[in-house]
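J.: Let me give you the structure first, and then I'll get to my questions.
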Amino acid sequence: MFLTFIGGAGTVTGSKTLVEFGERRVLVDCGLFQGTSEDRARNWERFPIDPADIDVVLLTHAHLDHCGYLPALVRDGFVGPVYCTSATAELAAIVLRDSAHLQVEDADWARRKGFSRHPNPRPLYDANDAERAIELLQPRAYHEEFELFPGAAAEFEPSGHILGSSVLRLRETGERPRTVVFSGDLGRPSHPLLVGPHAPADADAVVIESTYGDRVHEDLVEGMERLASTISRTIKRGGTVVIPAFAVDRTEVLLKALKDLQDQQRIPKTPIFVDSPMALATLEVYRDAIEAKEPEFRSDVLAGGVGVLDLPNLHEARTPQESMELDRGGAKIIVSASGMAAGGRVVHHLKALLPDARNTVVLVGFQAFGTHGRALAEGAQQLKIHGQYVKVRAEVVDVPVFSVHGDADELMAWLKSAGRVPPSVFVVHGEIGSSTVFAARVREELDVCAAVPKPGERVRV
């Protein structure tokens with residue numbers, strides 16, 4: 001068994017790992033690169049192998065950086081099955097359709113406004129490519145091993161990151177059996193909606209994410225207090241609170257937090273707008289899953305039912321016109337994608353609202369290098385948006401406690417929860433500093449080989 005780290009190596013996006021079983025090939029995750037222009041340009045590079053030679057794709061979850069390249073892979077010749085959990089299949093369909101729409105829309109916008117470096121900007125893929133990819137999704141249940149082809153089997157276990165997210169066990173059968181466990185994006189034991197991640201199976205190697213591999217999350221009580229005080233003072237001065245949020249799961253986590261703060265009378269009951277068609281579609285998936293009492297949810301969430309996500313002052317902005325009307329200012333809260341302000345409707349809100357000091361931008365998760373969110377977190381005084389520089393006068397507050405990625409202590413605890421310590425650990429899905437720090441910690445605390453693979457590096461299990 002060989003592993004080749006095509007994406008998510010030395011970076012926090014574009015997760016793709018090729019697994020070779022002799023002549024058969026499996027791709028674990030098929031993510032889109034996001035962040036800097038250099039990273040995004042990698043989406044346009046020729047794939048390292050012919051996509052037609054890949055037998056199977058396995059998705060750990062439905063975030064864009066883990067499934068968003070799939071339409072391009074299909075366009076270029078992949079025709080095999082794409083296995084994932086049922087919830088991942090449902091959410092990935094939403095994500096891929098939205099991504100294709102935005103790809104086409106952004107290319108058209110750049111063409112009409114003339115701010116692209118390319119004379120005729122085009123999308124990476126379109127709606128037809130997305131639909132062909134969606135047709136290949138084949139759901140599989142948690143806790144049930146299934147054969148990929150003779151000599152290889154896989155199994156999904158809950159990872160507690162988003163609905164449907166998985167820890168993946170990939171097993172080679174035969175004379176020299178080998179097992180690799182992929183953490184995917186690993187959730188937190190304290191996720192406000194979902195149960196914590198399943199312990200890893202005994203394995204010959206573990207591929208683990210390291211988004212927060214060099215730090216520990218702040219206390220939830222402190223984070224909630226900072227969010228409450230930020231919202232209260234912004235509303236008091238008549239400003240708008242803009243919260244860039246990932247459409248899948250982060251929006252739901254935020255709505256629960258806002259509902260809790262309102263119920264506790266810690267923030268005023270000001271209008272709250274969810275401005276993202278993808279987030280609104282995802283919200284319906286979460287509500288349906290709670291009503292169906294899916295075991296991924298915490299017992300207290302299931303006991304509360306869909307009411308945990310319903311606020312009387314919640315409004316839905318579905319059309320572009322409804323979205324644009326929110327930019328007129330005034331006391332309200334806008335929750336809009338994308339979470340790192342790398343694209344989507346939230347970028348338009350930032351362009352309109354950042355110059356007004358009454359407004360506030362609240363960052364509630366990891367902000368990758370090269371994104372507008374990262375620039376704001378680091379104190380940028382101006383941002384280049386749609387070819388124009390925009391002055392940053394609005395208040396910017398970072399509340400990363402709402403991240404649903406495990407921190408360094410939680411990642412280490414998950415590794416140690418295995419019945420047998422894995423002899424090899426590969427640290428991926430993190431900026432190079434974070435991955436390096438976590439790999440060193442793994443070597444010190446577990447006394448095993450822990451490496452940060454380079455892009456394109458191939459290793460034998």
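The values are calculated or read from the model by the stated rules, or taken from the named source; none is laboratory data. Only a predicted model underlies this, so the values are computations on that prediction, with no experimental measurement involved. Here the Cβ is made from the backbone with ideal geometry for all residues, glycine too, and neighbour counts use every protein chain on show.
J.: Run down 175, 209 and say which single residue is surrounded by fewer than 19 Cβ atoms within 10 Å (Cβ to Cβ) and charged (D, E, K, R).
T.: Unique residue meeting the criteria: 175.
J.: To continue, here is another question. Check off (1) surrounded by fewer than 22 Cβ atoms within 10 Å (Cβ to Cβ); (2) closer than 22 Å to residue 30 by Cβ; (3) among the hydroxyl-bearing types (Ser, Thr, Tyr) for residue 159 and give me the number that stays unchecked.
T.: (1)
J.: Across the range 272-317, which residue is farthest from residue 141 (Cα to Cα) among those that are among the polar types (S, T, N, Q) and in contact with a strand residue (DSSP E or B) (Cβ under 9 Å, 6 or more places away or on another chain)?
T.: Within the range 272-317, the match that is farthest from residue 141 (Cα to Cα) is 313.
J.: Would you mention how many residues in the range 408-428 are crowded, with 20+ Cβ neighbours inside 10 Å, in contact with a helix residue (DSSP H, G or I) (Cβ under 8 Å, 6 or more places away or on another chain) and not aliphatic (A, V, I, L, M)?
T.: The qualifying residues number 1.
J.: Got at least one residue in the range 129-140 being of a type in the set (Lys, Arg), in contact (Cβ under 8 Å) with a residue 40 or more places away in the chain, assigned by TED's automatic domain parsing to the domain that holds residue 24 and under 27 Å from residue 25 (Cβ atoms)?
T.: Yes.
J.: Enumerate the strands (runs of 3 or more DSSP E) found wholly within the range 16-111, keeping only those where 3 or more residues are touching a strand residue (DSSP E or B) at 6+ places or on another chain (Cβ under 6 Å).
T.: Where strands (runs of 3 or more DSSP E) fall fully within the range 16-111 and carry at least 3 residues being touching a strand residue (DSSP E or B) at 6+ places or on another chain (Cβ under 6 Å), they are 16-21, 24-28, 56-58.
J.: Another question, if that's okay. So, in the range 419-458, how many residues would count as being hydrophobic (A, V, I, L, M, F, W, C), modelled with pLDDT of 95 or more and in a loop (DSSP other than H, G, I, E, B)?
T.: 2
J.: Something else: Report whether or not residue 86 is polar (S, T, N, Q), more than 25 Å from residue 4 (Cα to Cα) and touching a Gly at 6+ places or on another chain (Cβ under 6 Å).
T.: So residue 86 does not fit the description; no.
J.: How many residues does the range 37-54 contain that are buried (at least 17 other Cβ atoms within 10 Å of the Cβ) and in contact (Cβ under 8 Å) with a residue 60 or more places away in the chain?
T.: Looking only at that region, the number is 2.
J.: Still on this structure: Please pick out the residue among 235, 243 that is at pLDDT 95 or above and either of a type in the set (Lys, Arg) or under 17 Å from residue 401 (Cβ atoms) (or both).
T.: Within the list 235, 243, the selection yields 243.
J.: Go over the candidates 90, 145, 157, 105 one by one and state the one that is out of contact with any Asp or Glu (no Cβ under 8 Å at 6 or more places or on another chain), charged (D, E, K, R) and within 30 Å of residue 23 (Cβ to Cβ).
T.: 157
J.: OK, next. Looking at the range 347-366, is at least one residue over 26 Å from residue 39 (Cβ atoms), touching a His at 6+ places or on another chain (Cβ under 8 Å) and touching a residue at least 24 places away in the same chain (Cβ under 8 Å)?
T.: no
J.: Which of the residues spanning the range 280-324 are of a type in the set (S, T, N, Q), surrounded by 14 or more Cβ atoms within 10 Å (Cβ to Cβ) and assigned to a helix (DSSP H, G or I)?
T.: Once the filter is applied, which keeps residues that are of a type in the set (S, T, N, Q), surrounded by 14 or more Cβ atoms within 10 Å (Cβ to Cβ) and assigned to a helix (DSSP H, G or I), the range 280-324 yields 282, 323.
J.: Restricting to strands (runs of 3 or more DSSP E) lying wholly in the range 115-230: which have 1 or more residues that are in contact with a His (Cβ under 8 Å, 6 or more places away or on another chain)?
T.: By residue number, 152-158, 166-172, 205-209.
J.: Same structure again: Picking from 108, 50, 98, which residue would you name as being farther than 22 Å from residue 186 by Cβ, charged (D, E, K, R) and under 18 Å from the mean Cα position of the chain (by Cα)?
T.: 98
J.: Same structure again: Within the range 389-407, is even one residue surrounded by fewer than 16 Cβ atoms within 10 Å (Cβ to Cβ) and either in the same structural domain as residue 18 (by TED's automatic domain parsing) or on the phi > 0 side of the Ramachandran plot (or both)?
T.: no
J.: Looking at 368, 352, 377, which is the one that is farther than 17 Å from residue 241 by Cα and surrounded by fewer than 24 Cβ atoms within 10 Å (Cβ to Cβ)?
T.: One residue alone meets the criteria, 368.
J.: Then there is this: Determine which member of the set 253, 274 is in a helix (DSSP H, G or I) and surrounded by 19 or more Cβ atoms within 10 Å (Cβ to Cβ).
T.: After applying the criteria, what remains is 253.
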